[in-house]
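Q: Attaching a single structure in structure tokens format; questions to follow.
The values are calculated or read from the model by the stated rules, or taken from the named source; none is laboratory data. These numbers come from a predicted model, not from an experiment. Note: ideal-geometry Cβ built from the backbone for every residue, glycine included; neighbour counts use all protein chains shown. Accessible surface areas use protein heavy atoms only, side chains included; no ligands, DNA or RNA. Shrake-Rupley method; radii C 1.70, N 1.55, O 1.52, S 1.80 Å.
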Amino acid sequence: LDPGGLAAPDPAVQGVYYPTRLSFTRMEKVLALVAPVSVGVTDDGRLRVTGVLGAQPTYWAQIEPGLYAPLDGPFPPDARLLIEERTVGGETRPYLLVGSMSYARQPWYAANSLMILILSLVIFLVAVITLPVTAGLNRRYTRLAGSARPLEPMPARLARWAGWALALLVLVFWIAFTAFSGDIYNLVFGLPPVLQGALVLPWIIAVLAVVAAGLAVWLWVRRVWTLAGRIGFTLLALAALVQVWLLAFWNML
């Protein structure tokens, strides 16, 4: 099949697609991250689909609007791939159908949620290390300066402890989730007791995220800490709010 004389795919179909044969109201929704499908359009007018057969890309030519036939790939010549817009739950988006599988294109925040999670975890890891260090240095300088250096205000000290506890709890939750959800049956057929207990942590994280956001505002209003310290804590508070959104999006909150 020569795609040269055929109409090129609509660039609007490009994006990341998640399988639809999952529960999207339970924590099982996170399994969509395991099998994403990436759709792109090549410069020569072919549809490139990655994820249907693992990491190996497959190439398709459009033979009718939204209907594609395989090009020199593992699929038989009579195989077909369909991309069409459907309205589900009041939301219209492209759906990809190939064989017995169907996939829905995701908005940018869902398609990039794993990268967003990794970036936020890096911030929390840095906070777990640096907040105790800065607290220790502050106590040391206060002792050395004696009465010449006033004690750090209580809200500022609370910010250090709340930020450290928040970062630690987020890391503990994701470590526990990763350790006990490696077997997908744990998510589909019943959570193990340890993971059930760990699901209390997102609620604590949500409360601490709100506290951290309020303390970040207080630090800027009162100009407490150095500029770098205020910026760092603000990033931590923003990462915490993003983390709460991620937990809610993946039905863990």
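Q: Cβ-Cβ below 7 Å, separation at least six or inter-chain, first residue in region 99-113 and touching a residue at least 40 places away in the same chain (Cβ under 8 Å), second part of a helix (DSSP H, G or I): which pairs?
A: Listed pairs, sorted by first residue: SER113/LEU246; SER113/PHE249.
Q: Suppose the filter is modelled with pLDDT under 80, part of a helix (DSSP H, G or I) and open to solvent by 50 Å² or more (accessible area, probe 1.4 Å); does LEU187 pass it?
A: no
Q: Out of (1) more than 22 Å from LEU119 (Cα to Cα); (2) outside any helix (DSSP H, G or I), what's the single condition that is false for VAL194?
A: (2)
Q: If you don't mind, there's one more thing I want to ask. Return the only residue of VAL30, VAL52, VAL34 being hydrophobic (A, V, I, L, M, F, W, C), out of contact with any helix residue (DSSP H, G or I) (no Cβ under 9 Å at 6 or more places or on another chain) and surrounded by 17 or more Cβ atoms within 10 Å (Cβ to Cβ).
A: Only one candidate passes the filter, namely VAL52.
Q: A follow-up question, please. I need a count of the residues in region 14-41 that are touching a Lys or Arg at 6+ places or on another chain (Cβ under 8 Å) and at pLDDT below 90.
A: Total meeting the criteria: 2.
Q: I'd like to check something: does region 81-98 contain any residue that is among the polar types (S, T, N, Q) and open to solvent by 50 Å² or more (accessible area, probe 1.4 Å)?
A: Scanning region 81-98, I find at least one residue that is among the polar types (S, T, N, Q) and open to solvent by 50 Å² or more (accessible area, probe 1.4 Å), so the answer is yes.
Q: Confirm whether PRO57 is in contact (Cβ under 8 Å) with a residue 24 or more places away in the chain and surrounded by fewer than 17 Cβ atoms within 10 Å (Cβ to Cβ).
A: So PRO57 fails the test.
Q: Quickly run through region 217-240 and pick out the residues that are in contact (Cβ under 8 Å) with a residue 24 or more places away in the chain, over 17 Å from VAL128 (Cα atoms) and not in a loop (DSSP other than H, G, I, E, B).
A: Passing the criteria: TRP218, LEU219, ARG222.
Q: Next question, about the same structure. Is one or more of the residues making up region 198-217 at pLDDT below 90 and open to solvent by 70 Å² or more (accessible area, probe 1.4 Å)?
A: Scanning region 198-217 turns up no residue that is at pLDDT below 90 and open to solvent by 70 Å² or more (accessible area, probe 1.4 Å).
Q: All but one of (1) farther than 28 Å from LYS29 by Cα; (2) touching a Phe, Trp or Tyr at 6+ places or on another chain (Cβ under 9 Å); (3) not charged (D, E, K, R) hold for PRO77; state the number of the condition that does not hold.
A: Going through (1) farther than 28 Å from LYS29 by Cα; (2) touching a Phe, Trp or Tyr at 6+ places or on another chain (Cβ under 9 Å); (3) not charged (D, E, K, R) one by one, PRO77 breaks only (2).
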